[in-house]
Amino acid sequence: MKKKLKGIVVAAATLALAAVMLAGCSGGGDAQKSDEGNAGDAPFTLTVGFDQSYPPYGYVGNDGQFTGFDLDLAKAVCEKMGWELKLEPIDWDAKDALLGSGSINCIWNGFTMEGREDGYTFSEPYMLNEQVVVAKADSGIKTLEDLNGKVVMTQVDSAALDVLENEEEGGQAALAATFKELQTIGDYNNAFMQLESGMVDAVACDLSIAAFQMAAKSGAYVQMDEPLSTEHYAVGFKKGDSDLAKQVTDALKALDEDGTVKQLCEKYADQGITYDNWVL
């Protein structure tokens, strides 16, 4: 009886130890999967935050689907890396909170990096851009000096707004001080509606946005020859997310080498995108 009882106790202890070791191994695997984001069978999901009213970089197409140059770039990167892509239209004002909470992995939508370096980790810049001013063709506004006493509109929390409020070297706060009023609005589509209706005199925006709107309504608008600023677009990640930023940069370089980038530029050429502005 004693030998039999002893055998039962040893067997039970062995099973308990095995269970503990198995649980420990299982827990370690879950942590590794969480850290790497790409472990196991499930591919990594890149959740891209974008402004759905920002053509030609990200917008709703005639078929009701999300489209745009940057969204096509993101799709190509994910295909290159074997990732899943999730497109997340966001309120532009909420982009920092969404990025900080992990609701999105990056901001990829004609996102100017200059002046934002302290708030984000960026990919390498991939596209040259300018901030410009557009007025109605029959307004008589031809130069930046002609904006004296005029109402100018731009998007809230935009690069154009940053430039117009910047009092340091390279900023245009002195120019903005000559305006009758500098107004902001949620998206550029509505800004150009305000311009067309005569509610504002001019719109300050990205060069590609100006090109898109001018192509959509040929002869309706005129762009000032002198830009407000020259800058670059990059993909913005949460501060410190250097590994993901590098992976996206490397994928973009590979897509340029295999001709994908040039093809996408040609696809959106009639909307103001040109391969000549690709800098990566």
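The values are calculated or read from the model by the stated rules, or taken from the named source; none is laboratory data. Predicted model only: the values in this text are computed from it and were never measured. Here the Cβ is made from the backbone with ideal geometry for all residues, glycine too, and neighbour counts use every protein chain on show. Please note that ligands, DNA and RNA were not included when accessible areas were found on the heavy atoms of the full protein model with its side chains. Shrake-Rupley method; radii C 1.70, N 1.55, O 1.52, S 1.80 Å.
Annotations for the structure displayed:
- Residue selected from the stretch 139-176 under the condition part of a loop (DSSP other than H, G, I, E, B) and among the hydroxyl-bearing types (Ser, Thr, Tyr), by the criterion nearest to residue 51 (Cα to Cα): 158
- Matching residues in the stretch 164-184 - criterion: being under 26 Å from the mean Cα position of the chain (by Cα) and modelled with pLDDT of 95 or more: 164, 165, 172, 173, 182, 183, 184
- Applying the condition of being of a type in the set (Gly, Ala, Ser) and over 21 Å from the mean Cα position of the chain (by Cα) to the stretch 188-231 and asking which residue is surrounded by the most Cβ atoms within 10 Å (Cβ to Cβ) yields 202.
- Qualifying residue in the stretch 129-149 (condition: under 22 Å from residue 272 (Cβ atoms), open to solvent by 20 Å² or more (accessible area, probe 1.4 Å) and within 26 Å of the chain's Cα centre (by Cα)): yes
- Given (1) in contact with a Lys or Arg (Cβ under 8 Å, 6 or more places away or on another chain); (2) buried (at least 17 other Cβ atoms within 10 Å of the Cβ), number of the condition residue 119 does not satisfy: (2)
- Summed over the stretch 124-179, the residues that are closer than 16 Å to residue 205 by Cα and of a type in the set (Asp, Glu) give a count of 4.
- Contact map, the stretch 240-260: first residue closer than 13 Å to residue 120 by Cα, second residue in a helix (DSSP H, G or I) and not hydrophobic (A, V, I, L, M, F, W, C), Cβ cut-off under 6 Å, separation 6 or more or different chains; the map is empty.
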